[in-house]
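Asks: Submitted below is the structure of interest, expressed as structure tokens.
The values are calculated or read from the model by the stated rules, or taken from the named source; none is laboratory data. The structure displayed is predicted, hence computed values, not measured ones. We place every Cβ from the backbone using ideal geometry, glycine too, and count neighbours over all the protein chains shown. Accessible surface areas use protein heavy atoms only, side chains included; no ligands, DNA or RNA. Shrake-Rupley method; radii C 1.70, N 1.55, O 1.52, S 1.80 Å.
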Amino acid sequence: MKVADIILEQLGGNKFVVMTGASHFISDGNTLKMQLPRNISKANRLNITLEFDDTYTMRFFKYTPMKLNTKTFEFSKEKVKEIKTVEGVYCDMLQEIFTEVTGMYTRLF
């Protein structure tokens with residue numbers, strides 16, 4: 001099993017995907033990257049990285065891709081706005097922090 005698969009299972013697996021609407025999952029070594037739907041934090045991307053001390057770093061950010069101005073035919077620069085970065089997260093804290101930052105529940109109570 002890959003690290004990204006384990007991270008997704010710790011978040012709740014398919015239940016997490018259905019409850020939150022997260023999509024475009026990408027595995028990048030020790031990192032799980034995903035796209036988030038609209039939420040209270042305005043973050044549209046989340047990267048969860050497994051660190052060497054067996055904790056996770058959760059990075060919530062808003063990504064705006066470059067756009068073409070049709071009048072001047074120039075591209076605007078892409079923007080990355082940091083929303084929140086949480087370090088030292090243990091596996092049983094992933095769902096709680098996700099809900100705290102985004103306001104989206106990861107499971108039914």
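Asks: Determine how large the accessible area of Thr85 is when every protein chain is in place; take a 1.4 Å probe and give Å² rounded to the nearest 10.
Replies: 70
Asks: Follow-up question, since we're still on this one. I'd like to check one number: the per residue accessible area of the chain, probe 1.4 Å, reported in Å² as a whole number.
Replies: 68
Asks: Starting from the range 28-71, pick out the chymotrypsin sites (Phe, Trp or Tyr not before Pro) whose DSSP state is loop and whose Cβ has at most 10 other Cβ atoms within 10 Å.
Replies: Phe52
Asks: Same structure again: How long are the semi-axes of the equivalent ellipsoid of the range 16-73, taking √(5λ) for every eigenvalue λ of the Cα gyration tensor, in whole Å from largest down?
Replies: Computed over the range 16-73, the values are 27, 15, 11 Å.
Asks: Suppose the chain between Ser27 and Lys15 were pulled fully straight at 0.36 nm per residue; how much longer would it get relative to their current alpha carbon spacing?
Replies: Gain in length upon complete extension: 2.4 nm.
Asks: Let's see if you can work this out: charge +1 on each Lys and Arg Cβ, -1 on each Asp and Glu Cβ, no other charges. What is the dipole magnitude of the chain about its Cα centre, in debye to the nearest 20?
Replies: My answer is approximately 840 debye.
Asks: Compute the distance from the alpha-carbon center of the range 28-92 to that of the range 1-23, in whole Å.
Replies: Rounded to whole Å, the Cα centres lie 16 Å apart.
Asks: Now for a separate question. Among residues other than Lys84 whose Cβ falls under 10 Å from its Cβ, what is the net charge (Lys/Arg +1, Asp/Glu -1)?
Replies: Summing Lys and Arg as +1 and Asp and Glu as -1 gives -1.
Asks: Take the chain, mark every one of the trypsin sites (Lys or Arg not before Pro) that falls in a DSSP loop and has at most 15 other Cβ within 10 Å, then report the longest stretch left between them, sites excluded.
Replies: 3-37
Asks: If you place +1 on the Cβ of every Lys and Arg, -1 on the Cβ of every Asp and Glu, and leave all else neutral, what size is the dipole of the range 1-55 about its Cα centre, to the nearest 20 Debye?
Replies: 440
Asks: Based on alpha-carbon atoms only, what is the radius of gyration of the chain relative to the globular estimate 2.2 N^0.38 Å?
Replies: It is 1.17.
Asks: Now for a different question. Report the gain in length on full extension from Lys62 to Phe75: 0.36 nm times residue separation, minus Cα-Cα distance, nm rounded to one decimal.
Replies: This chain segment gains 2.8 nm when fully extended.
Asks: Contact order normalised by length for the chain, with contacts defined as Cα pairs under 8 Å and 6 or more residues apart; what percent is it?
Replies: Contact order relative to length: 25 percent.
Asks: So, one more: What residues of the range 66-96 lie in the reach of a label at Ile6, counting those whose backbone N is under 18 Å from a point 7 Å from the Cα along Cα→Cβ?
Replies: 88-95
Asks: Based solely on its DSSP helices, what 222 nm [θ] is calculated for the chain when runs of n ≥ 4 H residues each add -39,500 (n - 2.57) and the sum is averaged over all residues, nearest 500 deg cm²/dmol?
Replies: Estimated from H runs of four or more residues: -6500 deg cm²/dmol.
Asks: I would also like to ask the following. Using a simple spin-label model with points 7 Å from Cα along the Cα→Cβ vector, what separation in nm is obtained for Ile40 and Tyr90?
Replies: Going from the Ile40 label point to the Tyr90 one covers 2.6 nm.
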